[in-house]
Amino acid sequence: MPKLRSDARFWLNNSHGQTRFVILISAKKGRVKFEKWMLMPPNAPNPAPWAYVATLRSRPIHNPPLVNQLPGAQQLYSAQEVVVTSNAITGSPMILPFLALYDRAPGPTERDITITAPDFRAFVQTIF
């Protein structure tokens, strides 16, 4: 995962605010890990203490900032992790905020995208 995390940092830091979050997927024998990375809010303490990051991660929906941040002020964090094994799924559901994905408010029939435990199981069914 270190190389993938480095890539996520590159995409978020060099997108001029166009990349709102990055989903990383790491597959190893008997285990697939999904990580959702995003920028911390612009008003986050820098460097952000672990307790602050834990507070961000405890929110049911993690909305990434929708404003541009100077590269030097940007801080990334793993907003969520979902781990799928042959016996269990932990950390689901994963919610992808509609506004962050499409850069517009959802219409009357549109909503955040929710990836549920059965969805994750379906994604990895060929691995196990």
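The values are calculated or read from the model by the stated rules, or taken from the named source; none is laboratory data. The shown structure was predicted, so the numbers you read here are calculated from the model rather than taken from an experiment. Using ideal geometry, Cβ is built from the backbone for each residue, glycine included, and neighbour counts are taken over all protein chains shown.
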The number of residues in the range 24-61 that are under 11 Å from the mean Cα position of the chain (by Cα) and in contact (Cβ under 8 Å) with a residue 40 or more places away in the chain is 6
Name the single residue that is nearest to residue 10 (Cα to Cα) among those in the range 86-128 being part of a loop (DSSP other than H, G, I, E, B) and acidic (Asp, Glu).
103
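Scanning the range 76-114 for residues that are farther than 30 Å from residue 45 by Cα and among the β-branched types (Val, Ile, Thr), which turns out farthest from the chain's Cα centre (by Cα)?
Quick first cut of the range 76-114, residues farther than 30 Å from residue 45 by Cα only: 84-89, 106-111.
Cutting the leftovers down to among the β-branched types (Val, Ile, Thr) gives us 84-85, 89, 109.
Values: 84: 16, 85: 19, 89: 17, 109: 24 Å.
Among those residues, the one meeting the criterion is 109.
Just to be sure, is residue 83 in a strand (DSSP E or B), β-branched (Val, Ile, Thr) and crowded, with 17+ Cβ neighbours inside 10 Å? First the steps, then the outcome.
Values: in a strand (DSSP E or B): yes; β-branched (Val, Ile, Thr): yes; crowded, with 17+ Cβ neighbours inside 10 Å: no.
The answer is no for residue 83.
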Please go through the range 1-57 and give me each residue that is surrounded by 13 or more Cβ atoms within 10 Å (Cβ to Cβ), assigned to a helix (DSSP H, G or I) and of a type in the set (Phe, Trp, Tyr), ordered by number.
11, 52
When residue 108 is run through (1) surrounded by fewer than 16 Cβ atoms within 10 Å (Cβ to Cβ); (2) under 25 Å from residue 27 (Cβ atoms), the failure sits at (2)
Only unsatisfied item for residue 73, checking (1) on the phi > 0 side of the Ramachandran plot; (2) at pLDDT below 90, is (1)
Does residue 72 count as part of a loop (DSSP other than H, G, I, E, B), without any contact (Cβ under 8 Å) to a residue 40 or more places away in the chain and over 17 Å from the mean Cα position of the chain (by Cα)?
no
Output the number of the condition that residue 80 fails; it satisfies all remaining conditions of (1) closer than 20 Å to residue 9 by Cβ; (2) free of Cβ contacts under 8 Å to residues at least 40 places away in the same chain.
(2)
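Please verify whether residue 120 is surrounded by 16 or more Cβ atoms within 10 Å (Cβ to Cβ) and either β-branched (Val, Ile, Thr) or closer than 24 Å to residue 1 by Cα (or both), treating the condition exactly as stated. Working first, answer last.
Working: surrounded by 16 or more Cβ atoms within 10 Å (Cβ to Cβ): yes; either β-branched (Val, Ile, Thr) or closer than 24 Å to residue 1 by Cα (or both): yes.
For residue 120, the condition - surrounded by 16 or more Cβ atoms within 10 Å (Cβ to Cβ) and either β-branched (Val, Ile, Thr) or closer than 24 Å to residue 1 by Cα (or both) - is met.
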